[in-house]
Amino acid sequence: MVKLSKRLQAVADLTAPWRRIADIGSDHAHLPLYLREQNKIEFAVCGEVIPGPYEIAAEHVKNSAYANNLIVRLADGLQAIQQADQVDCAVIAGMGGMLITQILDSGLKELTWLKGLVLQPNQNADAVRQWLAEHSWQITAENLVFDEGHYYQMMAAVPAPVKQIYSPLQLLMGPTMLTAQNVPVAFTSYWQFKLTQKQGILAQLKTAAEPPVAKISKMTAEIALIEEGLNATNRSTNY
Ligand code: SAM
């Protein structure tokens, strides 16, 4: 039985209700194998650009009970998907946000075939949200988890009729997090951590012989934004 990390489990949970997925940057194909084993999907493309992980993924799938339902392809980004696959949702997880946006930019044609995206950037989640908004994808669900000493943000999105406009706070913390009835405990602890970190940096900047005015004002604005977000989500009961 495939056991996922807490991070990848949270990504897997966001793939509901999609039954045909593409896992882009599948590495060892753990996510699609888990989803198929749990009967949460019927079909998956496992895309991987590096030959080593691709061969391991292919071996794992071949040795599983699901070789008929999972296709492993050596391909760059969304080029792993063919229209005939009838994939509903692409998952791109465990990479930097800038790489995720590059993969999305290079796959505009394939994106028109999809009904959903699940993205888990290790950094620059705000840049991923901005990309989605500008390309008419609406964020419908988000999560933030703490796993093995790191915080991870993730999101699900669906095509929207028009471009979305997210405020700086929505881009930073996630639009659905800010309106959620409950935010995860990890959400609050992550943003408290970031707040303390930035307050420390601001205090240091202010002690400089010649305080850098532009940096101080940028840091002050970032701190105010995080405080605003923490206040906005303070009403929710943590889970
Ligand atoms: N998605 C898995 C997860 O979340 O655990 C694996 C994450 S692993 C850190 C990132 C994987 O993405 C690597 O196996 C890497 O080779 C692959 N990758 C990076 N760029 C890619 C691209 N343009 N197309 C397909 N795979 C890519």
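Structure data summary
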| read-out | value |
| --- | --- |
| Some residue of segment 82-89 being within 13 Å of the ligand (Cβ to nearest atom) and closer than 15 Å to ILE24 by Cα | no |
| Identity of the residue in segment 150-159, open to solvent by 20 Å² or more (accessible area, probe 1.4 Å) and more than 16 Å from the ligand (Cβ to nearest atom), that ends up farthest from ASN234 (Cα to Cα) | PRO159 |
| Candidates GLY47, GLY77, GLY52 - the one that is in contact with a helix residue (DSSP H, G or I) (Cβ under 9 Å, 6 or more places away or on another chain), over 16 Å from ARG20 (Cβ atoms) and not polar (S, T, N, Q) | GLY77 |
| Subset of segment 61-80 [under 11 Å from VAL45 (Cβ atoms) and within 11 Å of the ligand (Cβ to nearest atom)] | ARG73, ALA75, LEU78, GLN79, ALA80 |
| LEU99, sole failed condition from (1) more than 19 Å from the chain's Cα centre (by Cα); (2) open to solvent by 20 Å² or more (accessible area, probe 1.4 Å); (3) hydrophobic (A, V, I, L, M, F, W, C) | (1) |
| Every residue from segment 102-148 that is within 13 Å of LEU171 (Cβ to Cβ) and either open to solvent by less than 30 Å² (accessible area, probe 1.4 Å) or assigned to a loop (DSSP other than H, G, I, E, B) (or both) | PRO121, ASN124, ALA125, ALA127, VAL128, ARG129, TRP131, LEU132, ALA133, ILE139, GLU142 |
| Residue in segment 10-33 that is farthest from the chain's Cα centre (by Cα), counting only those that are free of Cβ contacts under 8 Å to residues at least 60 places away in the same chain and more than 11 Å from the ligand (Cβ to nearest atom) | LEU33 |
| Residue that is farthest from the chain's Cα centre (by Cα) [pool: residues in segment 38-60 that are more than 12 Å from the ligand (Cβ to nearest atom) and open to solvent by 60 Å² or more (accessible area, probe 1.4 Å)] | GLU59 |
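Let's see how each residue does on (1) without any contact (Cβ under 8 Å) to a residue 40 or more places away in the chain; (2) over 28 Å from LEU4 (Cβ atoms):
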position	(1), (2)
GLY116	no, no
ILE139	yes, no
MET154	no, no
SER167	yes, yes
PRO175	no, no
LYS194	yes, no
GLN199	yes, yes
LEU202	yes, yes
GLU210	yes, yes
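The values are calculated or read from the model by the stated rules, or taken from the named source; none is laboratory data. Computed from a predicted model, the values in this text were never measured in an experiment. Backbone-built Cβ (ideal geometry, glycine too); neighbour counts: all protein chains shown. Surface accessibility is based on the protein's heavy atoms, side chains included, excluding ligands, DNA and RNA. Shrake-Rupley method; radii C 1.70, N 1.55, O 1.52, S 1.80 Å.
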